[in-house]
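The values are calculated or read from the model by the stated rules, or taken from the named source; none is laboratory data. Everything quoted here is computed from the prediction, not taken from an experiment. We place every Cβ from the backbone using ideal geometry, glycine too, and count neighbours over all the protein chains shown.
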Amino acid sequence: MKFSKVSEKFTEMSQTRKRLELTAILVDLLKEAQDDLKELVYLIQGKLAPDYEGIQLGMADKQLAKGLSAISGKPQSFIDEKFAKEGDLGNVAKEIMSSRAQNALFGEEMTVKRLHQQLMNLSRTSGKGSVEQKLKIYEDLLLNSTPEDAMYITRIITGKLRLGVSDSTILDALISAFADKEHAEEINEAYNFHPDLGLIAELLRSGEIDKVRAMGPELFVPAKVMLAERLPGVHEIIEKMSGNSAFEFKYDGIRTQIHKKGKEVRIYSRGSEETTKNFPDIVRNARETFTCESCILDGESVPYNSETGEMYPFQMVSQRRGRKHDLEEMEKEVPIVVFLFDIIYLNGKQLHKVPYPDRRKILESLFTEDDKFKLATRLVSSDEKKVTAFFNEAISSGCEGLVAKNTSEQSIYRAGARGWLWIKLKREYESEFNDTLDLVVVGAFTGHGRRKGTYGALLLASYNEVDDTFETICKLGSGFTDDVLFNLPKKFADKIVKDKPARVESKLVPDVWIEPEQVMEVKGAEITVSPIHTCDYGKVEKDAGLAVRFPRFTGRWREDKKPEDATTSKEILEMFNSQKKSIK
Ligand code: AMP
């Protein structure tokens, strides 16, 4: 498939804001791809392979600007100026290639497979002289492309393709193109255990639906983690679970999925990134503790003082993510204990369909607790009084609250799904209007007076998982330390976009739009009805949405959450409704 065909469709996609239209264009494109489908799917994602393979293109804007300067024969300052004006190196590449149209397409015409292969070569180039080699590949790519191709290729390499299609939209389009609608749920479940859209695309296209349906937990493929719904009180949870409930401490650390086979151990984050290198201690401990042949475990890593049994704040763990140096020092300063609460694979056998009580038993028989690995403390009960006392115990031990786990025969492990099989109860929900929300930054307003030079407020949104959109819910201007406040423009500089991002639904027009990527934790006083915000628009009142009243930043950037992991609009609606109940 010619890449110029793909560019054409990408441009069509950028001209529509409607999800149905987007999906329709995508379906056409996927159907045309034939043998290039797998590579095409990755390129639509702006990637070369699934995230967990850790393949990175690794070229900064600055380096590419050098390449553009070489191709155009213009000084680098000329390119830099254009880039500063356009805010998008892709546009600059297009302009430059247009002005050299007479040279275009002398070489081989660019195909999807060839582009993917070349980008793979680019990503694999390392060591001495690699910057030059990478630039050479980039220049070759551009010289064999149309100006429009050059724009998209540049955006892919800089990690800013931003077509406005999430993985779930691509998956929907794949199902429409190559499968029966009746298999949609199973295909979604398969994807959650094996989040490789390229592979799933290829299997669906070749009619191997059975291979897709058989996908479950697999060693060294990070499963999307199971998530919890929320309810405001013990009573509501027990009622919802119809008496089939166990309660576990809700530890405030980092979700940790451990895969082990023989001596090989790998660790994945909540967002399915591999974080093995950041936790050599957990790797070593897992090798020693788990003598089984192979397993996949789910738990929460928490900084812990083994002498006093004290748990430390989450921030101490988050310092370790992405940090490669001084790990030994950090290990000593912040020893980690992993509280395990699930097992989904053991010795070659998938356990995701085994009910939770049996999975827990298997987990209990797997190891002896020590300072490195513990079982999540739990109470199996549907007695409101006992559970309330247990909740208070969790809080006084430094936990965030409880996670209720359904204990019925149906209590399977549902990868990636927020469902009523797990329900969280956090301390904040106990006091009426005091929830923390994880919201996505979608825009910012220029600051004035004391805030001159930075932003006065951010525009935040919740995630609507049905429409795959981000709906605004508040303007946030408080809770920032000066350091954080004055660093905001820098923090968001490479996320600023000219127009409203395709998936953002907003009535307000901020001074700058921000690509929905960053999640932040916000504390609010109340959920109220608001005509200016689009969260759950029209669901509570005609011509109005929902908003957070008195939002404050808690200081916690949720780097571990993707925008699609933010608090959903559905959750906001549930919070609004349960608030109403408690007012009565
Ligand atoms: P939240 O991030 O507020 O949606 O809460 C869900 C998170 O709580 C999970 O992703 C885990 O990281 C964490 N967690 C802590 N303890 C447990 C537990 N016992 N069971 C399940 N999740 C837990």
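Which numbered condition in (1) crowded, with 21+ Cβ neighbours inside 10 Å; (2) in a helix (DSSP H, G or I) is the only one that P195 fails?
Failing condition for P195: (2).
Tell me whether the range 443-463 contains one or more residues that are under 22 Å from the mean Cα position of the chain (by Cα), buried (at least 20 other Cβ atoms within 10 Å of the Cβ) and under 16 Å from E229 (Cβ atoms).
Filtering the range 443-463 down to residues under 22 Å from the mean Cα position of the chain (by Cα) leaves 443-444, 458-463.
Keeping just the survivors that are buried (at least 20 other Cβ atoms within 10 Å of the Cβ) gives 443-444, 458-463.
Filter once more, keeping what is under 16 Å from E229 (Cβ atoms): 462-463.
Yes, the conditions are met somewhere in the range 443-463.
Would you confirm whether any residue within the range 560-578 is farther than 22 Å from E229 by Cβ and at pLDDT below 90? Walk me through it before giving the result.
Restricting attention to the range 560-578, the residues satisfying the condition of being farther than 22 Å from E229 by Cβ are none.
Looking for residues that are farther than 22 Å from E229 by Cβ and at pLDDT below 90, one finds none in the range 560-578, hence no.
Report yes if some residue within the range 535-547 is in a loop (DSSP other than H, G, I, E, B), of a type in the set (D, E, K, R) and under 20 Å from the mean Cα position of the chain (by Cα); otherwise report no. Reasoning before the result, please.
So the first thing to find is which residues in the range 535-547 are in a loop (DSSP other than H, G, I, E, B), and the list is 536-540, 542-543.
Within this subset, residues satisfying the condition of being of a type in the set (D, E, K, R) are 536, 539, 542-543.
Subset that is under 20 Å from the mean Cα position of the chain (by Cα): none.
So far as the range 535-547 goes, no, none of its residues is in a loop (DSSP other than H, G, I, E, B), of a type in the set (D, E, K, R) and under 20 Å from the mean Cα position of the chain (by Cα).
Could you list, in sequence order, the residues of the range 334-350 that are away from the ligand (no atom under 16 Å from the Cβ) and either at pLDDT 95 or above or loosely packed, with under 13 Cβ neighbours inside 10 Å (or both)? Show your work before the answer.
From the range 334-350, those away from the ligand (no atom under 16 Å from the Cβ) are 334-335, 345-350; that's our starting set.
If the condition is that a residue be away from the ligand (no atom under 16 Å from the Cβ) and either at pLDDT 95 or above or loosely packed, with under 13 Cβ neighbours inside 10 Å (or both), then Y345, L346, N347, G348, K349, Q350 are the ones that fit.
Quick check on the range 264-317: of everything there that is charged (D, E, K, R), within 26 Å of the chain's Cα centre (by Cα) and in a strand (DSSP E or B), which residue is nearest to the ligand (Cβ to nearest atom)? So that I can check it myself, show each step before the final result.
Within the range 264-317, the first condition is being charged (D, E, K, R), and the residues that meet it are 264, 266, 270, 273-274, 277, 281, 284, 287-288, 293, 298, 300, 307, 310.
Still in the list and also within 26 Å of the chain's Cα centre (by Cα): 264, 266, 270, 273-274, 277, 281, 298, 300.
With in a strand (DSSP E or B) added as a condition, the list becomes 264, 266, 274, 298, 300.
Numbers: E264: 24, R266: 18, E274: 17, D298: 8, E300: 4 Å.
Checked the range 264-317; the qualifying residue nearest to the ligand (Cβ to nearest atom) is E300.
Is it the case, given these coordinates, that G243 is assigned to a loop (DSSP other than H, G, I, E, B) and either away from the ligand (no atom under 16 Å from the Cβ) or in contact with a Phe, Trp or Tyr (Cβ under 8 Å, 6 or more places away or on another chain) (or both)? Show your work before the answer.
Numbers: assigned to a loop (DSSP other than H, G, I, E, B): yes; either away from the ligand (no atom under 16 Å from the Cβ) or in contact with a Phe, Trp or Tyr (Cβ under 8 Å, 6 or more places away or on another chain) (or both): yes.
So G243 fits the description; yes.
Looking only at the range 197-238, which residues are of a type in the set (D, E), touching a helix residue (DSSP H, G or I) at 6+ places or on another chain (Cβ under 8 Å) and more than 14 Å from the ligand (Cβ to nearest atom)? Can you show your working first?
Step one: of the range 197-238, the residues of a type in the set (D, E) are 202, 208, 210, 218, 229, 236.
Retained after the next criterion (residues that are touching a helix residue (DSSP H, G or I) at 6+ places or on another chain (Cβ under 8 Å)): 202, 218, 229, 236.
Of everything in the range 197-238, those that are of a type in the set (D, E), touching a helix residue (DSSP H, G or I) at 6+ places or on another chain (Cβ under 8 Å) and more than 14 Å from the ligand (Cβ to nearest atom) turn out to be E202, E218, E236.
Would it be correct to say that F486 is assigned to a helix (DSSP H, G or I) and away from the ligand (no atom under 16 Å from the Cβ)?
Numbers: assigned to a helix (DSSP H, G or I): yes; away from the ligand (no atom under 16 Å from the Cβ): yes.
Yes, satisfied.
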